[in-house]
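Have a look at the structure that comes next, please.
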Amino acid sequence: MTICENNVAKIEIICKEFNYDKGELINVLHKTQTTFGYLPEEVQQIVAQNLNTSLAHVYGVVSFYSFFTMTPKGKFPINICTGTACYVRGAEKVLNEFKTLLKIKVGETTKDDKFSLSNLRCVGACGLAPVVLVGEKVYGRVTLDGVQKILDDYNES
Amino acid sequence: MDTINIKIDNKNFQVAEGTTILEAAKSVGVNIPTLCYMHLHHLNTTHKPTGCRMCVVEVAGRKNLVPACATECLPGMEIKNQSIRVLNSRKTVLELILSDHPTDCLICAKNGDCDLQSMAQEMGIRHLHYQGEQSHYIKDRSPAIKRDMDKCIGCGRCLTMCNDVQTVGALSAINRGFMSVVAPAFQMNLEESVCTYCGQCVAVCPTAALTEIDHTKTVIRHLADPSKTVIVQTAPAVRVALGEEFGYDPGTIVTGKMTAALKDLGFDYVFDTDFAADLTIMEEATELLDRLTRHLNGDTTVKLPLLTSCCPGWVSFFEHHFPDMKDIPSTARSPQQMFGSIAKTYLADKLGIKRKDMIVVSIMPCLAKKYECSRDEFATDGNPDVDFVLSTRELARLIKQAGIDFKSLEHADFDKPMGESSGAAVIFGSTGGVIEAAVRTAYEVFTNQKLHKVDFEQLRGMDWIRESTIDFNGTPIKIGIAHGLGNARKLLEEIREGKSLYHAIEIMACPGGCIGGGGQPLLHGDSNILLARQKAIYAEDKGKMIRKSHENPSVKKLYEEFLGSPMSKKAHELLHTQYFDKSNPMKITKD
Amino acid sequence: MSIKYRKNLLICSGSSCHDASNFDLMDFINVKLKEYGLDDDIQVVQSVCFNKCSIGPNMIVYPDNVEYSTITKSDIDDIIIEHLLNGRIVERLVYNDVNIISGTHKKQYRIALRNCGFIDPEAIEDYIEKDGYDALAKCLTTFTPEEVTQQIIKSGLRGRGGGGFPTGVKWDITSKSVAEQKYVVCNADEGDPGAFMDRSILEGDPHSVIEAMAICGYCIGANKGIVYIRAEYPLAIKRLKIALDQAKEYGLLGSQIFGTDFNFTIDIKYGAGAFVCGEETALIHSMEGLRGEPTLKPPFPSVSGYLKYPTNVNNVETFANIPAIINKGADWFASIGTEKSKGTKVFALAGKINNVGLIEVPMGTTLREVIYDIGGGIVDGKKFKAVQTGGPSGGCLTEKDLDLPIDFDSLTAAGSMMGSGGMIVMDEDDCMVAMAKFYLEFTVEESCGKCVPCRIGNKRLHEMLTKLCDGYGTPEDLDLLRNLSVVVKDTSLCGLGQTSPNPILSTMANFYDEYHAHVVDHKCPSGQCTSFLKYYIDEENCIGCLVCARNCPVNAIFGEKKKLHIINHEICIKCGICMERCKFDAIYIK
């Protein structure tokens, strides 16, 4: 495994900010994921070294929490809310439509790295159910026809 | 001790205050089944994650069933251990575990020695009502340990050993829910991880999720090959534990029967690792005295304390976790490896056979020894000094497979020359033993006086970290002892911070030392067994004619005929080693 | 809200509204006001959820109290010219749903949400103007910690996070633990799918939580507080941070608060997407940087919690009630609600209901009032079937429970639970077996895996429900399902597993006929479980446009242009896309 010194320095700064305290592991991982977009193996290794904890422990934590990811997301990460309100209003069909159109499964990224597909726990926009997020942008009351339209927004750019 | 009154299944009992329901029930003869629970009393280690839910009982006033292992008994508590609700729950939960577990018991490595199997038998499980998806993982084979996570029941005992007791940190629970399992980081193989192969995870695993790599078949093949001279060495801790596999009480010494069994199995020569242990003391004590004398003469460059180096789990531990301190331990090889290098040079010459035609097998209480013998530095032209290591458990299997009736065997003696040993070598098998053996020799060499009382009681026992000052005729020598790698870590951190005041420290990776090794018959949570083995070790020492390593005639002869003196050039070449930085630092690139 | 301005425009900045607008409404209005030279005269205030998420973005003009909904960019000019300049209300934009305007607010009673929507959550002055931090001042300067705790006990406030444990009693226990350090933890890792009251409070009134945490610290003898918040709540995090900074700046956090020797600071820790962390011990482990696995209680966090120190954990809504109780008195609070459940409760209404959003009603309000008077009844006038309360830990209530006064104990007695306050309304089209399956899927996903019944038991329950929905169930499965549900409930380590079978047990109790129909008649009465159905093409309506055939993901539809199409049932996976896509109502299920 290799990692560039620039990235090592970035991780060290984050760990220092939290006093190299292994009790702050989750906060450190949040910040690291924000910096790198995901948490690849080498990043976790540097975090473990800095916080003086075992790599197995860091991975144990990363793999426990659904917010952490070890695969890079697409340029436009698509999140489908699977909360109850969205479920009742047809989120599953919307999800399937995305799967069909993008030809990927949940947790995967398209070959061109453009889109990735994930489930999301309730985002609390139940009034707009079913809800789809593309990056920070929220689409409410998404219909099956709407799915292609959403993708079109990003395919043009 | 204050007592309280409780009721179990409508019967009144008086139990000690402050105990758990499980302990209280046990104290009055009521059996509550457990699976994940583990209590190693003499090692001060308890593991009760309350995850298996086999010990649930009904407590009046509580809405749900409670786990007996972690619920404190309160005065007047009314407990039901045998209600239909409790029994149905336990049975259903056990069925759930079995629904995610292979049912290949007949051909499983732990057949007959599996906690889950016994539990299913006790509960009379005959049908699995709940079936569905089962977990499947890639099997992982390292030089010493095999992981078959399909058989993991998630009890987490291995995690307590690896992380809390040993502080190795090779394993963690990963993922969550149905997908959760125990694994090294990124589900890499154990070999790529920081695992030291101490085998404590294997020793506590209730199923066959973690087992030793089995070399019995290969050894049988070599025994059957007439072109090979197969010799065997047996470690001191094996003889006080092997009997357990054949129904003897823990602590029964079976040295003579073991030797006889090995001869029956067809080994050409049956030797004793104890011979090499005496050799180790010759080298290690000399090294200690060398450093000590230089230190006392004011040499500030000398590294003290000297750390023992016979334990391969411990060696891996500092190579992985304290590579900056790799020049502190003694460079002396472990007895197993000293035996191997002498056997394939000195002995092979004596017997007039070629190196490649000699097979050296070790019987060890240890799994890390399997890895140790595979290290590159212990081979000449790709031919290892020690070819195969069998654990105590594997030897027992081998004897059973061969149809040998162990109990009726007549005692046999070790062969010469490498079968002769002192009492000092025997105690290598227990925590504190190596340093006591070293002191017996170092004292006489340092002071030039005869040591009259060879028993250093102050160095014995089962406390995690022990220390003592030995008077070397006016020079106080401070000795430290730690067993369990977590305790080793504490001492190493003291050394790193410059706070250590010791001259010499003995470290053993396994709790109790080799008697509690990862290759020994399973304790099943009963740490009394360890005490019995320890007692037997010291009894064996007491019964020996020679109790100091430097008085072993065969060892003396070896120096005269072959090695010259301790720390000689030849001794260095054959009996010493070097250590490596295995912290696996990441390659850092410019951009 | 400042009286300096002639008018205040309250913009709902709850996530729903925020997300519903394709533009930054606040910025846009500010720019427009400047254009019209009204920026000195009229202030734009971002406030929180108005409980009309389904018609956002929403705006209220104060003091006129006129509410505009579903605003678009082009509406802004109208509102400014007509309303703000000429004083004429833009009728076409006025939200005039009878239920909400007239019904809602009468039945509702806001304590926890008292400031949400009425103050600028990013301005501490607004909060102070609404008697903010008065309660803290009163506690620190005139009451002993014991006296404050006694008031909370007397008020009868019970934890709003799910368990319903008396808050004052919890404080009292923690205050009696002797330790050099103690902690106040605010659980803001709201995870029930369909509940978002905690987020709304933190987005709309963060100071009320901060103030309450300080009061709690004073009572239990803690000088450190931690908010454990979901990382998926960026707006709530932002506002909480602003509020913490402002409170520090005003000396309301820090050392020697109000000149007393009471010190209190608050840190933020982030959750990372694990529902089980709503459980106290799991939450504490997560805060310690560990996997969020629960441990057996006792020891309770009040004795041994964060870093083994005594820790008091309450959720956001519980805390939000505290300042009001101190200000208005325990007797006032205790006068609201039922005998054993005092005060109000915030519910998140969702599902097949007309008005989706947050409501706050006194304990004891009936389900009928909530669903019909406040919620505006069922969408499309369909028939009410059930309401799921308490999220995945709760159960469903039916027609017969509609006049049940809602409180902790009545819901439990009816086989459901309060939980954090999610209310999902279901109509005749919802299959209750599928609903139970949906919740179990959630639990399987969120189980930590530590104990066997939750790790494997829930998995098996889900598998059995899947079998039922797929049409392979047998009557014996129903017995097994019930037995396993009971065992999982009875033997699981923490609240997650102890409640996860509730959706099964309560639907089995209330809709056994539906389960029966699945395994005996091999039918799904609601038609939701598609494996029992077949799709057909209507000869009359089909014009042969090929749209269905082109969209079929498995190519199960055959036919030529302008000729009748046919569905091959061997291939069809019953996804229903053809039906959605057909513009001529030519596809039906039977």
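Scan the stretch C:438-497 for residues that are among the aromatic types (Phe, Trp, Tyr) and farther than 18 Å from residue C:275 by Cα and jot them down.
Within the stretch C:438-497, C:472 is the sole residue that qualifies.
Which of the following residues is among the β-branched types (Val, Ile, Thr) and either without any contact (Cβ under 8 Å) to a residue 12 or more places away in the chain or within 22 Å of residue C:285 (Cβ to Cβ) (or both): C:425, C:452, C:433?
C:452
Is one or more of the residues making up the stretch A:25-34 at pLDDT below 95 and either farther than 23 Å from residue C:293 by Cβ or within 7 Å of another protein chain (Cβ to nearest Cβ) (or both)?
yes
A quick yes/no check of all residues on (1) of a type outside the set (Asp, Glu); (2) farther than 19 Å from residue B:285 by Cβ:
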{"residue": "B:371", "(1), (2)": "yes, yes"}
{"residue": "B:377", "(1), (2)": "no, yes"}
{"residue": "B:383", "(1), (2)": "yes, yes"}
{"residue": "B:386", "(1), (2)": "yes, yes"}
{"residue": "B:392", "(1), (2)": "yes, yes"}
{"residue": "B:423", "(1), (2)": "yes, no"}
{"residue": "B:435", "(1), (2)": "yes, no"}
{"residue": "B:459", "(1), (2)": "yes, no"}
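Only one residue in A:50, A:79 is within 17 Å of the chain's Cα centre (by Cα) and either crowded, with 19+ Cβ neighbours inside 10 Å or within 14 Å of chain B (Cβ to nearest Cβ) (or both). Which one?
Only one candidate passes the filter, namely A:79.
Further question on the same structure: Tell me which helices (runs of 4 or more DSSP H) are completely within the stretch B:263-345 and hold 2 or more residues being open to solvent by 10 Å² or more (accessible area, probe 1.4 Å), or say none if there are none.
Here the list reads B:273-296, B:312-321.
Tell me, which strands (runs of 3 or more DSSP E) lie completely within the stretch B:1-64 with 2 or more residues that are over 35 Å from the mean Cα position of the chain (by Cα)?
B:3-8, B:11-16, B:56-59
Step by step: first the residues of the stretch C:439-482, then only those that are among the hydrophobic types (A, V, I, L, M, F, W, C) and facing chain B (nearest Cβ under 7 Å), then the one that is surrounded by the fewest Cβ atoms within 10 Å (Cβ to Cβ). Which residue is that?
Within the stretch C:439-482, the match that is surrounded by the fewest Cβ atoms within 10 Å (Cβ to Cβ) is C:480.
Right, something else. Which ones in the stretch C:519-539 are open to solvent by 40 Å² or more (accessible area, probe 1.4 Å) and closer than 18 Å to residue C:560 by Cβ?
C:538, C:539
May I ask you to list the residues in the stretch C:560-590 that are over 30 Å from residue C:433 (Cα atoms) and open to solvent by 40 Å² or more (accessible area, probe 1.4 Å)?
Of everything in the stretch C:560-590, those that are over 30 Å from residue C:433 (Cα atoms) and open to solvent by 40 Å² or more (accessible area, probe 1.4 Å) turn out to be C:560, C:561, C:562, C:563, C:564, C:566, C:583, C:584.
If you take the residues of the stretch A:106-117 that are open to solvent by 20 Å² or more (accessible area, probe 1.4 Å) and more than 21 Å from residue C:530 (Cβ to Cβ), which of them is nearest to the other protein chains (Cβ to nearest Cβ)?
A:107
I'd like to know if the stretch C:328-337 contains one or more residues that are surrounded by fewer than 18 Cβ atoms within 10 Å (Cβ to Cβ), within 13 Å of chain A (Cβ to nearest Cβ) and of a type in the set (Asp, Glu).
No, because not a single residue in the stretch C:328-337 is surrounded by fewer than 18 Cβ atoms within 10 Å (Cβ to Cβ), within 13 Å of chain A (Cβ to nearest Cβ) and of a type in the set (Asp, Glu).
Residues that are out of contact with any Ser or Thr (no Cβ under 8 Å at 6 or more places or on another chain) and under 22 Å from residue A:89 (Cα atoms): find the strands (runs of 3 or more DSSP E) completely inside the stretch C:379-446 holding 3 or more of those.
In the stretch C:379-446, C:422-427 are the strands (runs of 3 or more DSSP E) which contain 3 or more residues that are out of contact with any Ser or Thr (no Cβ under 8 Å at 6 or more places or on another chain) and under 22 Å from residue A:89 (Cα atoms).
When you look at residue C:486, is it open to solvent by 10 Å² or more (accessible area, probe 1.4 Å) and either within 10 Å of chain B (Cβ to nearest Cβ) or within 26 Å of the chain's Cα centre (by Cα) (or both), yes or no?
yes
What tally of residues in the stretch C:557-590 results from selecting those that are on the phi > 0 side of the Ramachandran plot and of a type in the set (Phe, Trp, Tyr)?
So the answer is 0.
Quick one: in the stretch C:308-326, of everything that is under 30 Å from residue B:49 (Cα atoms), touching a residue at least 40 places away in the same chain (Cβ under 8 Å) and more than 22 Å from the chain's Cα centre (by Cα), which residue is most open to solvent (accessible area, probe 1.4 Å)?
C:309
Residue C:96 is checked against (1) open to solvent by less than 70 Å² (accessible area, probe 1.4 Å); (2) at pLDDT below 80; (3) more than 22 Å from residue C:194 (Cα to Cα) and fails just one. What number does that condition carry?
Condition (1) is where residue C:96 drops out.
Still on this structure, I have one more. Given the stretch A:25-143, what helices (runs of 4 or more DSSP H) lie entirely inside it while holding 1 or more residues that are in contact (Cβ under 8 Å) with a residue 40 or more places away in the chain?
Correct list: A:41-50, A:84-88, A:91-102.
What do you reckon, is residue A:101 open to solvent by 20 Å² or more (accessible area, probe 1.4 Å), more than 20 Å from residue C:191 (Cα to Cα), within 11 Å of another protein chain (Cβ to nearest Cβ) and out of contact with any His (no Cβ under 6 Å at 6 or more places or on another chain)?
yes
Looking at B:126, B:176, B:141, can you tell me which residue is basic (Lys, Arg), on the phi < 0 side of the Ramachandran plot and surrounded by 20 or more Cβ atoms within 10 Å (Cβ to Cβ)?
Being basic (Lys, Arg), on the phi < 0 side of the Ramachandran plot and surrounded by 20 or more Cβ atoms within 10 Å (Cβ to Cβ) holds for just one of B:126, B:176, B:141, which is B:176.
Sticking with this structure for a sec: Select from the stretch B:503-562 the residues that are among the acidic types (Asp, Glu), part of a helix (DSSP H, G or I) and surrounded by fewer than 21 Cβ atoms within 10 Å (Cβ to Cβ) and list them in ascending order.
Hits for the stretch B:503-562 are B:540, B:551, B:560, B:561.
Out of the residues in the stretch C:338-355 that are assigned to a strand (DSSP E or B) and in contact with a Phe, Trp or Tyr (Cβ under 8 Å, 6 or more places away or on another chain), which is farthest from the other protein chains (Cβ to nearest Cβ)?
Taking the candidates together, the pick is C:342.
Got a sec? Which of B:132, B:154, B:76 is of a type outside the set (Lys, Arg), outside any helix (DSSP H, G or I) and within 14 Å of chain A (Cβ to nearest Cβ)?
Within the list B:132, B:154, B:76, the selection yields B:154.
Go through the stretch C:520-542 residue by residue and tally those that are under 34 Å from the mean Cα position of the chain (by Cα) and not in a loop (DSSP other than H, G, I, E, B).
Summing the residues that are under 34 Å from the mean Cα position of the chain (by Cα) and not in a loop (DSSP other than H, G, I, E, B) in the stretch C:520-542 gives 3.
Is at least one residue of the stretch C:196-211 crowded, with 24+ Cβ neighbours inside 10 Å, in a loop (DSSP other than H, G, I, E, B), at pLDDT below 90 and within 10 Å of chain A (Cβ to nearest Cβ)?
yes
The values are calculated or read from the model by the stated rules, or taken from the named source; none is laboratory data. Being a predicted model, the structure only gives us computed values, none of them experimental. Cβ sites come from the backbone with ideal geometry, for glycine too, and all protein chains shown count toward neighbours. SASA here: full protein model, heavy atoms, side chains in, ligands and nucleic acids out. Shrake-Rupley method; radii C 1.70, N 1.55, O 1.52, S 1.80 Å.
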